[in-house]
Amino acid sequence: MKAMILAAGRGNRMRPLTDHTPKPLLQAGGKPLIGYHIERLAAAGIRDLVINHAHLGAQIEQALGDGAALGVRIRYSPEAEALETGGGIFNALPLLGQAPFLVVNGDVWTDIDPASLRLSAGDLAHLVLVDNPEHNPSGDFALRGDRVHPDGEPRLTFSGIGLYHPGLFDGCRPGAFPLAPLLRNAMREGKVGGQHHRGQWLDIGTPQRLAELDRMLTQA
């Protein structure tokens, strides 16, 4: 399986830290955020990676190279302007191929094992959902059994980690567009599975949360 790490966001909420450093290269526990993803993917046997980038993207390529030093193979999907999540994945499809692939938001930290994720036959997506954090108290989607629904209770938060079938993007056109509408359409067709991850997960969207993660990893 191939995996894509989303690393094209501008990181406005992280300013001024991201004025000169792309968010995936910000450090916590003495290591860049994207490094934790690469290590976990490699440990799960997922070594063919695609990384998109826009803001200060050359720094990401310079820092990671072709991935050989990290035990992986990295190909890059540069974007002149960030294409949002849906547009970024669609733009990278030629690098991801025709088989289902894993996508991980570059600005989250989690202890989930990527090898534990499975896309059921006939599904277009499998999402990892987590308990609602303080900054997203209403959640995103509902999980009933192993099926994800756009509406209903109880609601959970999308972790930014999911398996996708390329067919999810059928009919899409190049350009910037969000992922959520595609997922909701697939949910209404009964083609989105999911699981509730009860382990560690943090959305590293602000300097305060980055500092929290740094403290946690340093103390550990």
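The values are calculated or read from the model by the stated rules, or taken from the named source; none is laboratory data. The shown structure was predicted, so the numbers you read here are calculated from the model rather than taken from an experiment. Cβ: placed from backbone, ideal geometry, glycine included. Neighbour counts: every protein chain shown. For the accessible areas, the whole protein counts, side chains as well, though only heavy atoms, and no ligand, DNA or RNA atoms are used. Shrake-Rupley method; radii C 1.70, N 1.55, O 1.52, S 1.80 Å.
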Filter result (open to solvent by 10 Å² or more (accessible area, probe 1.4 Å), modelled with pLDDT of 90 or more and closer than 23 Å to residue 93 by Cβ) within the range 9-41: 37
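Can you tell which of 209, 184, 198, 215 is basic (Lys, Arg), in a helix (DSSP H, G or I) and in contact (Cβ under 8 Å) with a residue 12 or more places away in the chain?
Working: 209 fails: in contact (Cβ under 8 Å) with a residue 12 or more places away in the chain; 198 fails: in a helix (DSSP H, G or I); 215 fails: in contact (Cβ under 8 Å) with a residue 12 or more places away in the chain.
Testing whether each residue is basic (Lys, Arg), in a helix (DSSP H, G or I) and in contact (Cβ under 8 Å) with a residue 12 or more places away in the chain leaves just 184.
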Where residue 195 falls short, out of the listed (1) over 23 Å from residue 2 (Cα atoms); (2) in contact with a Leu (Cβ under 8 Å, 6 or more places away or on another chain): (1)
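Kindly establish whether residue 74 is open to solvent by less than 60 Å² (accessible area, probe 1.4 Å) and closer than 15 Å to residue 109 by Cα. Before the answer, list the steps.
Working: open to solvent by less than 60 Å² (accessible area, probe 1.4 Å): yes; closer than 15 Å to residue 109 by Cα: no.
So residue 74 does not fit the description; no.
Being out of contact with any helix residue (DSSP H, G or I) (no Cβ under 7 Å at 6 or more places or on another chain), under 28 Å from residue 80 (Cα atoms), open to solvent by less than 40 Å² (accessible area, probe 1.4 Å) and of a type in the set (Ser, Thr, Tyr), is that true of even one residue in the range 143-160? Don't jump to the end; show me each part of the working.
Step one: of the range 143-160, the residues out of contact with any helix residue (DSSP H, G or I) (no Cβ under 7 Å at 6 or more places or on another chain) are 143-147, 151-160.
With the extra rule that they be under 28 Å from residue 80 (Cα atoms), the set shrinks to 158-160.
If we keep only those that are open to solvent by less than 40 Å² (accessible area, probe 1.4 Å) as well, we get 159-160.
The next check asks that each one be of a type in the set (Ser, Thr, Tyr); those that pass are 159.
Checked against the condition, which is being out of contact with any helix residue (DSSP H, G or I) (no Cβ under 7 Å at 6 or more places or on another chain), under 28 Å from residue 80 (Cα atoms), open to solvent by less than 40 Å² (accessible area, probe 1.4 Å) and of a type in the set (Ser, Thr, Tyr), the range 143-160 yields at least one hit.
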Condition met for residue 174 (open to solvent by 60 Å² or more (accessible area, probe 1.4 Å), touching a residue at least 12 places away in the same chain (Cβ under 8 Å) and touching a Phe, Trp or Tyr at 6+ places or on another chain (Cβ under 9 Å)): yes
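Which one of these is within 22 Å of residue 97 (Cα to Cα) and either assigned to a helix (DSSP H, G or I) or touching a Gly at 6+ places or on another chain (Cβ under 6 Å) (or both): 193, 175?
175
Report yes if residue 58 is within 20 Å of residue 92 (Cβ to Cβ), open to solvent by 60 Å² or more (accessible area, probe 1.4 Å) and without any contact (Cβ under 8 Å) to a residue 60 or more places away in the chain, otherwise no.
Numbers: within 20 Å of residue 92 (Cβ to Cβ): yes; open to solvent by 60 Å² or more (accessible area, probe 1.4 Å): yes; without any contact (Cβ under 8 Å) to a residue 60 or more places away in the chain: yes.
Yes.
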Of the criteria (1) assigned to a helix (DSSP H, G or I); (2) modelled with pLDDT of 95 or more, which one residue 51 fails: (1)
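Quick check on my filter: what residues within the range 34-58 are under 17 Å from residue 201 (Cα atoms) and either touching a Lys or Arg at 6+ places or on another chain (Cβ under 7 Å) or among the charged types (D, E, K, R) (or both)? Working first, answer last.
First, the residues of the range 34-58 that are under 17 Å from residue 201 (Cα atoms): 34-41.
Listed by number, the residues that qualify are 39, 40.
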